[in-house]
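Written below as structure tokens is the structure these notes are about.
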Amino acid sequence: MESFYECEYRYFAAYGLRLKERELYGMDTLMTGSLFHDSLDRFLKAVSALDQDLTALSEERRQSVIEELLQALFTEPQYQVLQSSARMEYLRYRLEKTIKKMTWTLQEQGKRTKMRPVQTEVLFGQIAGKEGIPGLELPMKNGGKLHVRGKIDRVDALELADEAWLAVADYKSGDKQFNLMEAYYGLAMQLLTYLDVALRDADKLIGAKEAHPAGAYYLRIHDPIQNPEEWLKQRPLDKYKLKGFYAKNGQLYPALDTTLREKEASQLYPITKDAKGIVKPVAQNKNFYSEDEIHLMQDYNRLKMQQAADTIVTGEIALNPYLSPSGKRACSFCPFRSLCTFDVMLQENDYHRLRAQDKENLLKEMEEALKDE
């Protein structure tokens, strides 16, 4: 759905005509992403099978668990390319190093928060013959239904004052952040959809009839080079902060990072503890929303999916790549650019230009759009 709002023609080329780039023998970003997801999913499942909390594992035990998993993983057919040459062997070494660093990161993050991973690789809807938890089923104008399916990388939860709080995490190899303007234009639907599905099926995921949204985050999978000063400050986790959107709730913040000291910023979330011992969001972060605002964004996100589906079934496809106020555009990494021959100098070609607005106006426009339906 996001690709439809990036450019309708791009969506048509990829999912209508099913065009694909020529496959090359080697590791591409898709395979690398699959390796990261597979390894972290299996690691957390293996730790769960030990009937022991990840934070209680010794360094030696954690290393032995992930090394055993990686040895088995690299023998699988899709990853045997990593044994085909000296260059690939070195790439395997780098990937393995990154994965091991991420298991350390997960453990260190777990020591600082009451949030705990409760499910990984959660399938919703039906994919490749596999049935997961119920996904979203949305009505369309033609009388049909839109079935939304996908896979949530990780579901986290905590209990606070006898109430369940739930969050979703999505693994990314790039530095991804949540942008409300992009969500308004249908370009950032993933986190909202994942959290929506998880909250609807909280009873199946965490055994709670109802759960409050704690947030939805991106966790970057990488092995950054850190300068000595960062290590001397003992803040290596700053490179792995959970970036996304967060619930605006003063009672929740202390549970998100239980190790905060006065006048210190969290290494996990964009929160800080002031001199009076009060934990609050950092001033420059605007991605904190009330529970009502989160539900509003989810309702609007469903509306955008319905509108996209209604347009797709009509067969009306436009050549309309987006252009953001920052200069970011859909054409930059589009594999079909040579096919569409989009040229902004031609009168019939123009960008779908996004309009910058502040948070309050975007939320207001979302509310107005829902009222008009």
For this session: Collect the residues in segment 119-134 that are surrounded by 17 or more Cβ atoms within 10 Å (Cβ to Cβ) and without any contact (Cβ under 8 Å) to a residue 24 or more places away in the chain, keeping them in residue-number order.
Result: 132
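Given the criteria touching a residue at least 40 places away in the same chain (Cβ under 8 Å), open to solvent by 10 Å² or more (accessible area, probe 1.4 Å), under 20 Å from residue 242 (Cα atoms) and not in a helix (DSSP H, G or I), does residue 155 qualify?
no
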Exercise. What tally of residues in segment 39-54 results from selecting those that are under 21 Å from residue 113 (Cβ atoms), open to solvent by 40 Å² or more (accessible area, probe 1.4 Å) and either of a type in the set (Lys, Arg) or part of a helix (DSSP H, G or I) (or both)?
Worked result: 2
Exercise. Taking the condition polar (S, T, N, Q) and closer than 30 Å to residue 369 by Cβ, does residue 190 pass?
Worked result: yes
Exercise. Wholly within segment 191-300, which helices (runs of 4 or more DSSP H) include no fewer than the required count, namely at least 2 residues that are in contact with a Ser or Thr (Cβ under 9 Å, 6 or more places away or on another chain) and closer than 21 Å to residue 165 by Cα?
Worked result: 253-256
Exercise. From the set of residues in segment 103-118 that are open to solvent by 60 Å² or more (accessible area, probe 1.4 Å) and among the charged types (D, E, K, R), which is farthest from the chain's Cα centre (by Cα)?
Worked result: 111
Seminar exercise, completed: Filter segment 190-237 for residues that are aromatic (Phe, Trp, Tyr) and modelled with pLDDT of 95 or more; the one that is farthest from residue 267 (Cα to Cα) is 194
For this session: Residue by residue through segment 119-148, note down the ones that are over 15 Å from the mean Cα position of the chain (by Cα) and of a type in the set (D, E, K, R).
Result: 130, 131, 137, 141, 145
For this session: Determine which member of the set 289, 240 is under 24 Å from residue 191 (Cβ atoms) and either in contact with a Gly (Cβ under 9 Å, 6 or more places away or on another chain) or at pLDDT 95 or above (or both).
Result: 289
Exercise. Considering only segment 1-38, how many residues are assigned to a helix (DSSP H, G or I), charged (D, E, K, R) and farther than 27 Å from residue 147 by Cα?
Worked result: 0
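The values are calculated or read from the model by the stated rules, or taken from the named source; none is laboratory data. As the structure is a computational prediction, the values presented were derived from the model and not from experiment. So basically every Cβ, Gly included, is an ideal-geometry build from the backbone, and we count neighbours across all protein chains shown. To get the accessible areas, we keep the full protein, side chains included, count just its heavy atoms, and leave off ligands, DNA and RNA. Shrake-Rupley method; radii C 1.70, N 1.55, O 1.52, S 1.80 Å.
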